[in-house]
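Okay, so here's the structure we're looking at.
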Amino acid sequence: MEAPALALEGVAVDRAEVPVVHDVALEAARGEVTVVLGANGAGKTTLMDGIAGLAQVKSGTVRLAGTAVEKLAPYKRARAGLGYVEQARTTFRTLTVEQNLLVSQRGDGDLATVYRLFPELDKRRGLQAGHLSGGEQQMVVLGRALVSAPKVVLIDEMSLGLAPLVVRRLMTTVGELAGMGIAVVLIEQFANLALDVGTSAHVLRKGRIVFSGPCAELRGDERRLHRLYFGGAPSAGGPRSDGAEPGGATPPAAESEAR
Amino acid sequence: MVNSVIAGLTSGGGYALLGLCVVLTYRLVAVVNFALTAVGALGAFVMVSLTDRGVNALLALLAGVVFAAALSALLGAALVRWFAGHKEGTKAAVTVAIFVALTAVGVRLFGGNSTGAHRFPNPFGAPLFTVGDVVVPQSVPVSLAFALLITVAVGLLLTRTRIGLKLQALSERPGTAEVVGIPAPRLAVGVWAGVGAVTTMVVVLVAPRLGGDFSTLSGLISTALAVAMVGAFRSLPLTLAGGLILGCLEGLSSSLDAIQKYQGVVPFLVILVLLWWRSRREVWDTEHGR
């Protein structure tokens, strides 16, 4: 059986020596979008940073197409096929659009594919990335991940600060990336947009996975999402102060909704 | 006086290159490298020790350059390995400690100001031409051409080659550079090695004019930092200009008896003036920003 493009087992990640992510297990298959949701501070970005090598994985394994990479330097993980679209449109601002793509181009990575997906960038090849609009900068960052010929692309909150129209446009591209056979792991503040494009979803709360299942189960169910994010029933006056699930002394990782 | 100023251009070209090395190390690997000239001086003294033993000057220069490049790369690798996540101030402090250690070792091995002056080869010491009373030695065009060549070559490397683009990306966003697959540690060590090699060549070029003892050559770091400050630790052309101006100022001060003995203070004066000028502008900005 073919190994999943990305598989996490018992992953714990620290941020500045503080444990933030605990015992996370998830898989991302080729050609699918795996959505990771959670409230602010749930540990989503720390989890992505841990996978990419920017934060320290304290325990557990991160496998890329079956190969353990959690001890590799970030650039070695990238060369093993991991693309990372970080939060906050991290273009190299003094480099032109084309130079941004060239520095990460590897293997079969093709600039023409990027320009086909984003014709706006084709017209601005020679312009410094710092002079682009927010949406165009996000396209550069997505394109940069694409030209590295990745097996997996992690996308962290790409809609941050962008107009809804641009966000919808970029979400379509996320679907196209999956269509190319890439495993996409998507963190997104607009949960329903992400669930529309995704196949499977995971919800993080306080650094632990409290839900794993098909996106269809959560799509449009705001009350359930709210309960998964905050651990309380919204109709009963918002999140519970102790953060526990109803009825429960059960640890979140073992809750009935995690599967 | 004009003779001294012209002669100062020889050192000026060298100072420009030392400043350039400081700027490059700061821009590309985010370290203010106080150990720069100590490493270069060690390389230069490896060379002169070999020529003293009858080794061909070019071979000896090659050995000195390779030694300094390897030593600088080793320091860079240590900083990458153990201090990558630390603040710039911490990394600068580490290079200060290395400067002190290397200077102590160098003085021990090669002697201090009064005992350690060596005779460096001076192939460009002869006059090139004379205009009136002004003698222009060969070292002036050689030094200027070397400074210009390296500045232009570095500029082209950074803007026209894939590796240069990667270095720019690394200097702008080190974390992001790594996650897009740029081998940051390897490139950083390469920068350190290149800077070590160039510094040795510069020290060899200016040593005949400055006296050829380890302490003086190692202490060129103050001049290098002053020149880098002229370029605001960013601009290569301004750094080049700063080196030439400092060389001329030094030449001028050596020709005036009243201030000759304070010649060594020139770089510090330049640093103080630049600090005052820049902080003055910051105060102005702050007041008007309210």
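The values are calculated or read from the model by the stated rules, or taken from the named source; none is laboratory data. Since the model is a prediction, treat every value here as computed from it, not as a measurement. We place every Cβ from the backbone using ideal geometry, glycine too, and count neighbours over all the protein chains shown.
Computed quantities for the displayed model
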| item | result |
| --- | --- |
| Options A:Val57, A:Val33; residue that is buried (at least 19 other Cβ atoms within 10 Å of the Cβ) and out of contact with any Ser or Thr (no Cβ under 9 Å at 6 or more places or on another chain) | A:Val57 |
| Conditions (1) modelled with pLDDT of 75 or more; (2) among the hydrophobic types (A, V, I, L, M, F, W, C); (3) assigned to a helix (DSSP H, G or I); number of the one not met by B:Ile259 | (1) |
| Residue among A:Val57, A:Val24 that alone is more than 18 Å from A:Lys151 (Cα to Cα) and touching a His at 6+ places or on another chain (Cβ under 9 Å) | A:Val24 |
| Test for B:Leu50: is it within 25 Å of B:Pro237 (Cα to Cα) and buried (at least 18 other Cβ atoms within 10 Å of the Cβ) | no |
| Count of residues meeting criterion [within 14 Å of chain B (Cβ to nearest Cβ) and surrounded by fewer than 21 Cβ atoms within 10 Å (Cβ to Cβ)] in segment A:150-182 | 1 |
| Residue in segment B:116-154 that is farthest from the other protein chains (Cβ to nearest Cβ), counting only those that are touching a helix residue (DSSP H, G or I) at 6+ places or on another chain (Cβ under 6 Å) and of a type in the set (Gly, Ala, Ser) | B:Gly116 |
| Among (1) touching a helix residue (DSSP H, G or I) at 6+ places or on another chain (Cβ under 6 Å); (2) assigned to a loop (DSSP other than H, G, I, E, B); (3) at positive phi, the one test that A:Thr91 misses | (3) |
| Pairs where the first residue, in segment B:87-109, is without any contact (Cβ under 8 Å) to a residue 12 or more places away in the chain and the second is assigned to a helix (DSSP H, G or I), C-beta under 7 Å, 6+ apart | B:Thr90/B:Phe83 |
| Pairs where the first residue, in segment B:172-189, is under 15 Å from B:Leu75 (Cβ atoms) and the second is part of a helix (DSSP H, G or I) and of a type in the set (Gly, Ala, Ser), C-beta under 7 Å, 6+ apart | B:Ala188/B:Gly76; B:Val189/B:Ala73; B:Val189/B:Gly76; B:Val189/B:Ala77 |
| First in segment A:35-62 and more than 14 Å from A:Lys206 (Cβ to Cβ) and within 14 Å of chain B (Cβ to nearest Cβ), second anywhere and basic (Lys, Arg) and part of a strand (DSSP E or B), Cβ under 8 Å, 6 or more apart | A:Asp49/A:Arg15; A:Ala55/A:Arg15 |
| Selection within segment A:114-149 - charged (D, E, K, R) and buried (at least 19 other Cβ atoms within 10 Å of the Cβ) | A:Arg124, A:Glu136, A:Arg144 |
| Subset of segment A:84-102 (residues that are farther than 30 Å from A:Gly43 by Cβ and either touching a residue at least 60 places away in the same chain (Cβ under 8 Å) or facing chain B (nearest Cβ under 9 Å) (or both)) | A:Thr94, A:Leu95, A:Gln99, A:Leu102 |
| Within segment B:73-126, tally of residues that are assigned to a helix (DSSP H, G or I), more than 30 Å from A:Gln56 (Cβ to Cβ) and within 19 Å of the chain's Cα centre (by Cα) | 6 |
| Test: A:Ser159 is closer than 18 Å to A:Val197 by Cα and of a type in the set (Gly, Ala, Ser) | yes |
| Hey, B:Val5 touching a Leu at 6+ places or on another chain (Cβ under 9 Å), modelled with pLDDT under 90 and of a type outside the set (Gly, Ala, Ser) or not | yes |
| Segment B:127-167: number of residues that are assigned to a helix (DSSP H, G or I), in contact (Cβ under 8 Å) with a residue 24 or more places away in the chain and surrounded by 18 or more Cβ atoms within 10 Å (Cβ to Cβ) | 10 |
| Test: residue in segment B:253-262 that is in contact with a Leu (Cβ under 9 Å, 6 or more places away or on another chain) and in contact (Cβ under 8 Å) with a residue 12 or more places away in the chain | no |
| Residue ranges of strands (runs of 3 or more DSSP E) in segment A:1-82 with at least 1 members over 25 Å from A:Phe211 (Cβ atoms) and among the β-branched types (Val, Ile, Thr) | none |
| Check on B:Val48, in contact with a His (Cβ under 8 Å, 6 or more places away or on another chain) and either over 26 Å from B:Ala226 (Cα atoms) or in a helix (DSSP H, G or I) (or both) | yes |
| Qualifying positions in segment B:180-198 - aliphatic (A, V, I, L, M) and facing chain A (nearest Cβ under 7 Å) | B:Val180, B:Ile182, B:Ala184 |
